[in-house]
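What follows is a set of notes on a single structure, which appears directly below.
The values are calculated or read from the model by the stated rules, or taken from the named source; none is laboratory data. Being a predicted model, the structure only gives us computed values, none of them experimental. Here the Cβ positions follow ideal geometry from the backbone for every residue, glycine too, while neighbour counts run over all protein chains shown. Surface areas here come from the heavy atoms of the whole protein model, side chains and all, with no ligands, DNA or RNA. Shrake-Rupley method; radii C 1.70, N 1.55, O 1.52, S 1.80 Å.
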Amino acid sequence: MKTISVLGSTGSIGTQALEVAVKHNIKVKALAAHSNVQLLAKQAKELGAEYVCIFNEEKVNALKELLDGRNVTILSGAEGLNETARLDGVDIMLNSVVGMVGLVPTLEAIEHGTDIALANKETLVAGGELVMKAAADKGVKIYPVDSEHSAIFQCLQGAKRSQVRRILLTASGGPFFSKTYEELENVTVEDALRHPNWSMGNKITIDSATLMNKGLEFIEAMRLFDLRSDQIEIVVHRESVIHSAVEYNDYSVIAQMGVPDMKIPIQYALLYPERLPCPTRPLSLTDYGKLTFAKPDLETFRCLAACIKAVNIGGTAPAVVNGANETAVYSFLAKEIGFNDIGRLVEGALENVEIRPVNSLDDVLSADREAREYVRKRLNSLSSQNK
Ligand code: NDP
Ligand code: MG
């Protein structure tokens with residue numbers, strides 16, 4: 001029986017992972033969330049977790065009350081999250097927190113020698129080179145949870161790395177497929193939150209609407225599978241049935257398919273290499289009837305173009321686009337800026353924030369901070385112009 005910890009247990013990925021864990025008798029030793037103490041306490045009680053971590057320290061007392069009388073160790077804050085990531089007796093740490101805050105816990109788990117199921121793609125975008133090197137040095141395995149990367153990982157089973165020619169990274173295209181840049185100028189938060197195929201947390205749903213998500217995944221794929229940028233082709237595939245594919249040297253293409261349900265890649269990461277029935281439904285290709293494919297529109301979806309540009313620049317550039325995007329997305333969700341402003345801010349950060357080589361974690365964290373400061377300054381000047 002495997003033992004896991006789940007960072008981000010109250011989110012979209014976290015709750016689905018717990019469903020998988022219950023189905024397959026996976027022991028859940030630790031849980032962590034940002035602020036949602038009600039759900040965190042409920043999960044801890046139901047699953048018999050030994051450790052719970054709440055990042056928001058103002059919520060510690062509420063969590064204590066909810067867990068009254070239970071033999072559960074309560075951790076909190078950034079240090080508590082790091083401690084949760086490096087607990088003994090955990091086979092796999094699932095990192096499903098949202099955003100750059102996931103980077104240090106990932107490095108902590110690696111340092112501790114704990115294998116990782118990684119949903120938190122921002123970790124690999126901002127600090128991918130550091131993370132992959134640390135994992136290789138420690139012999140720690142990183143199992144991708146992101147559906148495209150799980151698909152690629154599955155299509156690579158039994159293959160030699162030297163046989164791989166390139167990757168076809170599929171993209172649903174999001175809610176604004178086929179729209180023009182001008183048409184996107186006035187879309188609302190509610191429009192952007194309406195994803196056609198996937199139900200996910202707010203941040204990634206907006207990233208899917210701007211196609212920033214596909215840009216992040218492009219970089220994530222390069223880091224996870226040690227690919228050059230010219231080895232990845234993004235293919236818009238509206239139905240989200242083919243979750244990505246690997247093209248081999250003989251032009252044979254192996255794709256992974258399934259219904260669009262994150263429980264399949266989550267379960268593959270947690271049970272690898274086992275395959276057991278997943279708590280979802282099987283795929284019926286005849287129900288779909290046809291599958292469609294198109295090229296992405298890099299003129300309209302500028303966040304995607306900015307990510308590809310950033311990874312080709314290298315150094316801290318991916319951390320800069322990621323940090324700028326995080327700040328811009330929360331500002332869009334708060335209705336402070338328009339939809340296309342997200343892309344403009346990401347492009348602006350890439351042009352204006354100094355790009356340096358990545359030699360240490362500090363280089364990544366500074367780039368992230370500078371990108372966020374750049375965006376906040378632009379937001380302040382926008383709001384003073386509007387007054
Ligand atoms: P959600 O917003 O639904 O959940 C985020 C989770 O992280 C919540 O449990 C939240 O706690 C927790 N969290 C946020 N900040 C902190 C923090 N500082 N310390 C501890 N916990 C924290 O996000 P998703 O589940 O949608 O996404 C999670 C990650 O997985 C993202 O990186 C996303 O890109 C990636 N991903 C998601 C997919 C999906 O289908 N949802 C698909 C592929 C990748 P609280 O509830 O208390 O706020
Ligand atoms: Mg994905």
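Brief remarks on what is shown
- Taking the criterion of being under 15 Å from THR114 (Cα atoms) and either in a strand (DSSP E or B) or within 16 Å of ligand 1 (Cβ to nearest atom) (or both), the residues of region 137-156 that qualify are ILE142, TYR143, PRO144.
- The lone criterion from (1) surrounded by 16 or more Cβ atoms within 10 Å (Cβ to Cβ); (2) away from ligand 2 (no atom under 16 Å from the Cβ); (3) not in a helix (DSSP H, G or I) left unmet by ASN25 is number (1).
- Top-ranked residue in region 222-240 [being among the aliphatic types (A, V, I, L, M) and either without any contact (Cβ under 8 Å) to a residue 60 or more places away in the chain or more than 15 Å from LYS309 (Cα to Cα) (or both); ranked as surrounded by the most Cβ atoms within 10 Å (Cβ to Cβ)]: LEU224
- Among the residues of region 78-118, the ones that are within 9 Å of ligand 1 (Cβ to nearest atom), open to solvent by 20 Å² or more (accessible area, probe 1.4 Å) and either closer than 17 Å to TYR272 by Cα or free of Cβ contacts under 8 Å to residues at least 60 places away in the same chain (or both) come to 2 in all.
- Inter-residue pairs, beta-carbon under 7 Å, first farther than 26 Å from ARG369 by Cα and in region 127-148, second assigned to a loop (DSSP other than H, G, I, E, B) and among the hydrophobic types (A, V, I, L, M, F, W, C), 6+ apart: VAL145/ALA119; SER147/MET262
- Criterion (more than 20 Å from the chain's Cα centre (by Cα) and aliphatic (A, V, I, L, M)) met by exactly one of LEU103, LEU156: LEU156
- Taking (1) surrounded by 22 or more Cβ atoms within 10 Å (Cβ to Cβ); (2) under 17 Å from VAL145 (Cβ atoms); (3) in contact with a strand residue (DSSP E or B) (Cβ under 6 Å, 6 or more places away or on another chain) in turn, VAL246 satisfies each apart from (2).
- Residues of region 193-229 that turn out to be of a type in the set (A, V, I, L, M) and in contact with a Cys (Cβ under 7 Å, 6 or more places away or on another chain), as a count: 4
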